[in-house]
Structures are given as C-alpha cells and as structure tokens.
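Here the structure is laid out as structure tokens; the discussion comes afterwards.
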Amino acid sequence: MAKQKLKGKFICIEGVDGSGKTTQAKRLVKNLRRKGHDAVYTTEPSDGKIGTFIRDFVLSRESRVPIMLEALLFAADRVDHVQADVEPLLEQGKTVVCDRYVCSSLAYQGAAGLDLDWMDCINRFALKPDLTLFLDVPPEVGLNRLRRKKSVMENAKNLRNVRDVYLSLVRQNRMILLDGHKSVDKVAENVLKAVLKELKQ
C-alpha cells in the first residue's frame, strides 16, 4: 500500500564543518516562523540513543572507527530519527529543517572511500527531502570558523575530499548550491528565498 503523502515540507541543510549550516538552519526556522510557517529545527546525529552514541563514542575518538561501521550507525540513527521525530512533525503539517541528512553520510563516508551506491542502498528507506541546500565554503575557511574542539573528521585534507563529494551531488541535482562565504545575513536571505520558493509549490 502506498504511503500517505505527508502534509509538511522536509528541508535539509548541508555543508562542511564550519560552513554555517547550523547557524543558517536555526535562523531559517526563526525566519519561517516570522512569516507564519510552523517550522521546527532538528539535526543529525539525532538526540536519540543511536545519535547520542555516535556523538559520544564515534565523533569524539582520536581515530575513526571502521568507515563501514560509521556509515551503518548513521543510517540506523536516520531511521530512528525519521520515525521518532521527522515524520510525526511532517504529518502535523510542520516544516522540518534538518541540520545534516543523507548527503552528509555520502560526503563524509564517501570521502573516506566508501561506495556511494552502497550508501544509497543502506539509506534507501530514508525519507526523501523536499529540498536540500548545500552551503559551500572552502574547507580552510570552515575550519578557521570553528571555536570548539574539532572532531575526528575535521581536518583540511578530509574536508577538501568531503567538499568534492558534495559538489558531485550538486552536479547530480541532489542539492542546490548556495555561496556560504557571504555574510551571515546574505546567506540567510538566500536560504530563505530558496525555501519559500519550495514551500509555494
């Protein structure tokens, strides 16, 4: 039986670390609410048990766990996140803004050498976003912006490879590229414009 069409819109914000995606995702939610949209912020890794495990025991390590395990954990967290949080909100007609989603897995684990088709396969049950925006900044710029302790994935060489995968996904029309190197206000304006266009459809 075909799944009932969800009432809300699912918007995802992507980018290398330090690209401003978290700032922009939260600002987008505020801007949408000001315009009368019932918008909600969420993020991956999620706040669920699997997402918490990823943050505490995968991202905080000195060296990475096996990349295939990393990808499987993120895919498992995604199933939990979507079923527990995202779909119920969309069924209520809310606009859900997600800070990282499937394209993050493709970019970060793909940059480490995993096959993108295999990762698409393990994420094939993931809810498809209505719109995914990629905030593009040079990795060195992103790293310079970070004021917290860097995770095991946050180094210039790795993030250059991550950005290359993201750009390949843009070329495949899986994401829309926005210049994340502009001022915070200008990026927010461009993000809101792209999302409002989607919400009108």
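A simple spin-label model places pseudo-atoms 7 Å from Cα toward Cβ; at Leu69 and Lys157 they are separated by 2.2 nm. Scalar couplings 3J(HN,Hα) for the range 16-30, obtained by applying the Karplus form with A = 6.51, B = -1.76, C = 1.60 to θ = phi - 60°, are 5, 4, x, 6, x, 5, 5, 4, 6, 5, 5, 5, 4, 4, 5 Hz; x denotes Gly and Pro. The mean sequence distance of close C-alpha pairs (under 8 Å, at least 6 residues apart), as a share of the length of the chain, puts its relative contact order at 34 percent. On full extension, the segment bounded by Gln92 and Gln172 gains 25.7 nm, given 0.36 nm per residue less the C-alpha separation.
Only lysines eight or more places from Lys157 in sequence, or on another chain, were considered; those with a Cα closer than 18 Å are Lys149. The GNM of the chain, with springs linking C-alpha atoms under 10 angstrom apart, assigns the highest mean-square fluctuation among Met175, Met68, Met119 to Met68. Residue order for Ser183, Ser168, Ser46, Ser60, fewest other beta carbons within 10 angstrom first, comes to Ser183, Ser60, Ser168, Ser46. By the equivalent-ellipsoid construction on the alpha carbon gyration tensor, the range 49-143 comes out with semi-axes of 23, 17, 14 Å, ordered largest to smallest.
Computed over the range 10-58, the quotient of the alpha carbon radius of gyration and 2.2 N^0.38 Å is 1.33.
In terms of its alpha-carbon gyration tensor, the chain comes out oblate; a/c meets the 1.5 threshold, while b/c is at least as large as a/b.
Taking each DSSP H run with n ≥ 4 as -39500 (n - 2.57) and averaging over every residue of the chain yields -15000 deg cm²/dmol at 222 nm. The H on the amide N of Phe134, modeled in the peptide plane, is under 5 Å from the matching H of Glu14, Ile176, Leu177, Leu178, each at least 5 residues off or on a different chain. Site pair Asp115 and Asp185 shows an inter-label distance of 5.0 nm when each label is modelled 7 Å from Cα along Cα→Cβ. Between the alpha-carbon centres of the range 153-201 and the range 1-67 there is a gap of 14 Å. Partner aspartates and glutamates whose Cα lies under 14 Å from the Cα of Lys5, excluding those fewer than 8 positions away in the same chain, are identified as Glu87, Glu91, Asp130. Cross-link reach is defined here as a Cα-Cα straight distance under 21 Å, omitting same-chain residues fewer than 8 places apart; for Lys35 the lysines meeting it are Lys7, Lys9, Lys21, Lys26, Lys94, Lys186, Lys193, Lys197, Lys200. Within the range 68-90, which residues have the backbone N less than 19 Å from the label spot 7 Å out from Arg61 along Cα→beta-carbon, could you tell me? Answer for the range 68-90: 68-78.
On full extension, the segment bounded by Lys128 and Lys200 gains 24.1 nm, given 0.36 nm per residue less the C-alpha separation. Cβ crowding within 10 Å ranks Phe74, Phe125 as Phe125, Phe74, fewest other Cβ atoms first. Among the GluC sites (Glu not before Pro) found in the range 1-70, those both in a DSSP coil and sparsely packed, with 15 or fewer other Cβ atoms within 10 Å of their Cβ, are Glu62.
Bear in mind these aren't lab numbers, they're just calculated from the coordinates by the rules spelled out. From a predicted model like this one, the values you see are computed outputs, not experimental measurements. With ideal geometry, Cβ positions are generated from the backbone for all residues, glycine too; neighbour counts draw on all protein chains shown.
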